[in-house]
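**Q** To start, I am sharing the structure in question, which I have written as structure tokens.
The values are calculated or read from the model by the stated rules, or taken from the named source; none is laboratory data. For clarity, every value in this text was computed on a predicted model and none was experimentally measured. Virtual Cβ from ideal backbone geometry, glycine too; neighbours counted across all protein chains shown.
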Amino acid sequence: MSDHVFHRALDRPIAVSARGCTIITADGHEYLDGAGGAIACSVGHGRDEIVSAMATQASAVAYVHATQFASNSVARVARRIAAIVPVDDARIFPVSGGSEANETALKLARSYHVARGDRDRHVVLARAGAYHGNSRGALDASDRSAMRAEYEPWLGQTVRVPMANPYRDGRNGADHAAEFERVVLDTGPERIAAFIAEPISGATLGALVPPDDYWPAIAEVCQRHGILLILDEVMTGFGRTGAWFAADHWGVRPDMITAGKGASGGYWPLGLCIAAGRIYDTVMEAGNFLHGFTWSHHPVGAAVADATIGVIEREGLVEARARRACPGLVAGDPR
């Protein structure tokens, strides 16, 4: 019998309650939520302090549109994130998920170059084997053939660079940077707006960690050619790799970081585009960033993220993750 839901999968158990890492279904079975759903439940189910923060904010101001009002909860969580993210003078643009965060970053990169008078810079570079989301622009930057297949007539703007796969190619950072720069020169650096990549490959390639010298070398090529570096940390951000952000493992400070998932612990649909202050200043001085969503800068979502990050800090979860890091998730160790 139909229940009128457009299901993503059929014949699933019905979850009725959850606590910690346990999900209980309507038939009384208990399931270990070992992956935190889609790598989202970073602090466990049923955290009363997060639910309380959500309710308190919803009771005070549940929703205002970001073009009409600001909110204290958004300002508060932005300060908190700016203090831990490896982005200079960070400015935080909250959205509703990782795909939206990456769409926002790609559009912001284009807006930044246009504001500087570089209107020819529109090409996006992304790696083979990448995954950056399911919205149209993010899907074009992605390289998951099963997800792209039906939509290929809409896609094809992104220029691919090789993946960093120490299991297969054995190349060091200098080798990768040389190949990356060859693609840049073949494409025309004056045409390239941004390079987007996961610092540690996620859904498509299973937590592949690049060589230790990979990211500093790639960042140097991007900087030299005026290409904005966007690190997609939707999966790796907020402590997943034993540092607040995976970029911290290599001392890299990208122009933008995108995040989500663990930032709100699964309690709220949240994504974050985090941009350097100079990008924000350049775009805003030229007029405005003509981009946004109905649920951008949501007051309740910001309160949830603030409470979730508070739990991560108070309980030392980033440090705990670092102590438990398996070799394959430590920078520079491809085992």
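**Q** Give the residues of the range 21-51 that are out of contact with any Phe, Trp or Tyr (no Cβ under 8 Å at 6 or more places or on another chain) and in contact (Cβ under 8 Å) with a residue 24 or more places away in the chain, sorted by residue number.
**A** Cys21, Gly36, Gly37, Ala38, Ile39, Ala40, Cys41, Val43, Gly44, His45, Gly46, Glu49
**Q** Here's a check for you: in the range 1-59, which residue that is part of a loop (DSSP other than H, G, I, E, B) and among the charged types (D, E, K, R) is surrounded by the most Cβ atoms within 10 Å (Cβ to Cβ)?
**A** Arg47
**Q** Follow-up question, since we're still on this one. Give the residues of the range 1-16 that are at pLDDT 95 or above and either among the small types (Gly, Ala, Ser) or not assigned by TED's automatic domain parsing to the domain that holds Glu30 (or both), sorted by residue number.
**A** Answer for the range 1-16, where residues must be at pLDDT 95 or above and either among the small types (Gly, Ala, Ser) or not assigned by TED's automatic domain parsing to the domain that holds Glu30 (or both): just Ala15.
**Q** Tell me which residues, restricted to the range 71-100, are touching a residue at least 40 places away in the same chain (Cβ under 8 Å) and part of a loop (DSSP other than H, G, I, E, B).
**A** Of everything in the range 71-100, those that are touching a residue at least 40 places away in the same chain (Cβ under 8 Å) and part of a loop (DSSP other than H, G, I, E, B) turn out to be Ser71, Ile84, Val85, Pro86, Val87, Asp88, Asp89, Ala90, Ser96, Gly97.
**Q** Looking at (1) surrounded by fewer than 22 Cβ atoms within 10 Å (Cβ to Cβ); (2) within 21 Å of Tyr131 (Cα to Cα); (3) not polar (S, T, N, Q), can you tell me which one Ala194 breaks?
**A** (1) is the only condition that Ala194 fails.
**Q** Sticking with this one: Test of understanding: among Ala138, Ala178, which residue is assigned by TED's automatic domain parsing to the domain that holds Asp212, hydrophobic (A, V, I, L, M, F, W, C), buried (at least 16 other Cβ atoms within 10 Å of the Cβ) and at pLDDT 95 or above?
**A** Ala138
**Q** Residues to consider are Gly129, Gly173; find the one that is of a type outside the set (A, V, I, L, M), under 29 Å from Tyr112 (Cα atoms), surrounded by 13 or more Cβ atoms within 10 Å (Cβ to Cβ) and more than 22 Å from the chain's Cα centre (by Cα).
**A** Criteria check complete, one pass: Gly173.
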